[in-house]
C-alpha cells in the first residue's frame, strides 16, 4: 500500500504545480514516434507573438485599426457576446500561470478552459449561455447511467472520435488516462478525486508500476468493449459525472505516453493540437486535421490558430485587452483594480463598460474556527466571534462591491437553490452575550492564521479591529502563501500544534454542486490527517454528518437540493465557519472577440466556441 494525498477542493495555493516533473521519469517501451512542430511553423509563431506584443500604441491606448465588437454590459453571462459563425483568424489569449499542459497534471481552471481545445472527456460543461455550470455529453452518447444510486456508472462512446493520429478513441484509452492519476510519483499536481472513489485502499500504483495480471489495471474500471466503460465506485457519488468532466479524466493513448514528460507534447483528442510550446514566446495550437465536427457536439473550432502568451502580470494582460492585441484572458482573475477605474458609468469610457461581464466566482472567504483549539472548542465562544464580524469592513478591504459580494451563507451564489441571505451587520451586544455564555465575559486572546499576501492581510486586519471591540484580542500569524493550504492550515496537526483558533481561508469547490462545496468543508469523516485537508474548522458533528448521508441518499434532484440546504444550515449552526464574502471579478472582452460566452466554472470566456473578428 502506498501513501498518497487526496484533495476534493480547489483553493489558491492548492494543487498548483509549475509543471516540473517529479519522481521517476518514465515512458512506454516501443512508443511510436511523436509529431513535432516544423521549424518554419515555430518561426511563424514567434513572429506572430512579437506582433501581439507590438499591438499596443505608443501611449498604451487601444489601436484604432482594431474594430471593437458590439455588445452590452454582462452580455456574455446569459447571452452571447457579438454572435458570429465566421471561421478563420487567430485567437489571441493571455494568462499568468500554466501549471502543466498534461491533462492529468493541471489544477488551474484557466488551463482547464484552454484544454477544451485539445482534450475531450466523456462529458463536459455546456457552452449554452447561462447554463455553463451544467454537463452535456462529449465523447459519450449521454450523461451516463447509474442503476444503484451512484455506485456503478456506465457510459457508451459516440462513434467517429479519434486522436490527432487518426486512431479511434476507445474505452481503454479513457481508462488508461484515468489510471495515470494514480501514478502519484510520476504524474503529480492534478485533481485526484478518482483515487478515493476508485481505489480507497490505495492498492493500485498507476500504470507504470502495474503488477496486475496482463496489466489489466484498475479492477474498478471495466471496458467490456471498445465503446463501453463501466465504473464501480467505493461509495455512492451522484457528482461522479463532474469528475469525468475534468481534463484528468481524458483519454491518453498508451503508445504515446511519456510519463512525466507527456505535457511537453500531449496527444490531441480535440479540434486543435499543440504545435509549439516555449516558455518565452508562449503556446501555439493549430487545427487538428483528424478532428471531425460531426463527432463533437460541443466545440465549434472557429479560429484557424490559437496563440497563448503566458507569464503575464495582471496589468500586462489588461493592457493587451485594452490595446486589441489580446482577445481574452484565461487566468480567471478578471481585470485589475486600476483597470476597473476606467469603466466608469458607461459614459466617456470608450465603450469599455459594454465589454465587461461581471460575475461572482463561487470562491468564498471564510473565517474558520478549529474545534480542537481552545477556546473554540466551546460553541458559544465561536458564536461570539461570528456575531462580532463586520462584513462591510471585510468587503471594503477587498476593494468594495467590485471585488466581493458580502455573504453570510455557506452556499455560493453560482449554485442554484441558495438559502436567503439576511446580510447581518456586526452585533457586539450578541457577541458579549455569547462571551458570557462561554465563560469569557471580558473576551479572550486568540491567534489567527492568514496567508501572507496583501489582500488576505487586509481582510485579517479588518477582523482584528471588529473583534477587538468585544475584547477578543487577535494575534496574526502570517504564513507562507505557497504552502498555506497544504501544510499551513491543511495539516490538522500543524493547526492544533500552533494553536490557531482562527483560520482565514478562501474556499471553492471543484464542481458547481452543493455536495462538492459542502462535503470537504464540513464532513467530519472527510478530515485528512495528511497535508491538504479542506475541513479547516476540523468540524466533526454527528448531526451534520448524518445530514450529509441523507443528502447523498436523496431519491431525486429536488430532494437532494433540500437536503444539502439542511446540511449548510446545520453546519452554520455550529458557528465553526463564518462566511464573509464571495469573490467577484470583471471580465473584459477583447475588441475582436466574438461568440463570447462566460464559462462560469472556469471564470472566463469559453474558448471552445469563441471566434475572432477581422484585424
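Within this structure, residue 554 passes the test of being assigned to a loop (DSSP other than H, G, I, E, B), assigned by TED's automatic domain parsing to the domain that holds residue 415 and either more than 23 Å from the chain's Cα centre (by Cα) or modelled with pLDDT of 95 or more (or both). Restricting 592, 584 to residues that are crowded, with 19+ Cβ neighbours inside 10 Å and at pLDDT below 95 narrows the list to 584.
Residue-level analysis places residue 299 among those that are modelled with pLDDT of 95 or more, surrounded by fewer than 24 Cβ atoms within 10 Å (Cβ to Cβ), within 23 Å of the chain's Cα centre (by Cα) and closer than 16 Å to residue 164 by Cβ.
The single condition among (1) at pLDDT 95 or above; (2) surrounded by fewer than 22 Cβ atoms within 10 Å (Cβ to Cβ) that residue 401 does not meet is (1). Just to be sure before I move on: is residue 172 in contact (Cβ under 8 Å) with a residue 40 or more places away in the chain, farther than 20 Å from residue 107 by Cβ and surrounded by fewer than 17 Cβ atoms within 10 Å (Cβ to Cβ) in the structure I sent? Criteria not met by residue 172. Only residues that are in contact with a helix residue (DSSP H, G or I) (Cβ under 9 Å, 6 or more places away or on another chain) and within 15 Å of residue 511 (Cβ to Cβ) were counted across the range 132-143, and they come to 4.
Only one of the listed residues (198, 114, 157) is in the same structural domain as residue 229 (by TED's automatic domain parsing), buried (at least 23 other Cβ atoms within 10 Å of the Cβ) and out of contact with any helix residue (DSSP H, G or I) (no Cβ under 7 Å at 6 or more places or on another chain). That residue is 114. Pairs linking a residue in the range 206-217 that is buried (at least 17 other Cβ atoms within 10 Å of the Cβ) to a residue that is at pLDDT below 90, with Cβ atoms under 7 Å and 6 or more positions apart or on different chains, are 208/26; 217/210. State all residues of the range 211-228 that are in a loop (DSSP other than H, G, I, E, B) and over 30 Å from the mean Cα position of the chain (by Cα); if no residue qualifies, say none. Once the filter is applied, which keeps residues that are in a loop (DSSP other than H, G, I, E, B) and over 30 Å from the mean Cα position of the chain (by Cα), the range 211-228 yields 211, 212, 216, 226. In the set 506, 548, only one residue is under 18 Å from the mean Cα position of the chain (by Cα) and either closer than 26 Å to residue 361 by Cα or not assigned by TED's automatic domain parsing to the domain that holds residue 377 (or both); that residue is 506.
With the structure loaded, tell me whether residue 530 is at pLDDT 95 or above and either outside the structural domain of residue 363 (by TED's automatic domain parsing) or farther than 30 Å from residue 325 by Cα (or both) or whether it fails that test. Here the answer is no, as residue 530 does not meet what is asked.
Pairing residues of the range 467-488 that are without any contact (Cβ under 8 Å) to a residue 12 or more places away in the chain with residues that are surrounded by fewer than 21 Cβ atoms within 10 Å (Cβ to Cβ), at Cβ distances under 6 Å and at least 6 apart in sequence or on separate chains, gives no pairs at all.
Residues checked against (1) closer than 27 Å to residue 311 by Cα; (2) crowded, with 24+ Cβ neighbours inside 10 Å:
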{"position": "96", "(1), (2)": "yes, no"}
{"position": "100", "(1), (2)": "yes, yes"}
{"position": "104", "(1), (2)": "yes, yes"}
{"position": "136", "(1), (2)": "no, no"}
{"position": "145", "(1), (2)": "no, no"}
{"position": "166", "(1), (2)": "no, no"}
{"position": "176", "(1), (2)": "no, no"}
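Here is the figure for the range 231-256: residues that are in contact with a strand residue (DSSP E or B) (Cβ under 9 Å, 6 or more places away or on another chain) and surrounded by fewer than 17 Cβ atoms within 10 Å (Cβ to Cβ) total 1. When the range 413-452 is limited to residues that are free of Cβ contacts under 8 Å to residues at least 60 places away in the same chain and out of contact with any helix residue (DSSP H, G or I) (no Cβ under 9 Å at 6 or more places or on another chain), the one that is nearest to residue 583 (Cα to Cα) turns out to be 421. State whether one or more residues within the range 334-345 are within 20 Å of the chain's Cα centre (by Cα) and surrounded by 20 or more Cβ atoms within 10 Å (Cβ to Cβ). Scanning the range 334-345 turns up at least one residue that is within 20 Å of the chain's Cα centre (by Cα) and surrounded by 20 or more Cβ atoms within 10 Å (Cβ to Cβ). Is there a residue in the range 282-292 that is assigned by TED's automatic domain parsing to the domain that holds residue 135 and modelled with pLDDT under 95? Yes: one or more hits.
Working only within the range 240-260, note down all residues that are within 23 Å of residue 510 (Cβ to Cβ) and not in a loop (DSSP other than H, G, I, E, B).
240, 241, 242, 243, 244, 247, 248, 249 - these are the residues of the range 240-260 that are within 23 Å of residue 510 (Cβ to Cβ) and not in a loop (DSSP other than H, G, I, E, B).
For the range 394-434, the set of residues classified as part of a helix (DSSP H, G or I) and over 22 Å from residue 470 (Cα atoms) consists of 400, 401, 402, listed by residue number.
Under 26 Å from residue 314 (Cα atoms) and in a helix (DSSP H, G or I): does that describe residue 114? Here the answer is yes, as residue 114 does meet what is asked. When the criteria are applied in full, residue 456 fails the requirement of being over 26 Å from residue 443 (Cα atoms), in contact with a strand residue (DSSP E or B) (Cβ under 6 Å, 6 or more places away or on another chain) and assigned to a helix (DSSP H, G or I). Of everything in the range 367-385, what is surrounded by fewer than 23 Cβ atoms within 10 Å (Cβ to Cβ) and either in contact with a strand residue (DSSP E or B) (Cβ under 8 Å, 6 or more places away or on another chain) or part of a strand (DSSP E or B) (or both)? Give them in sequence order. Matches in the range 367-385: 373, 374, 375.
The values are calculated or read from the model by the stated rules, or taken from the named source; none is laboratory data. Since the model is a prediction, treat every value here as computed from it, not as a measurement. Positions of Cβ are generated from backbone atoms using ideal geometry, with glycine treated the same way; all protein chains shown enter the neighbour counts.
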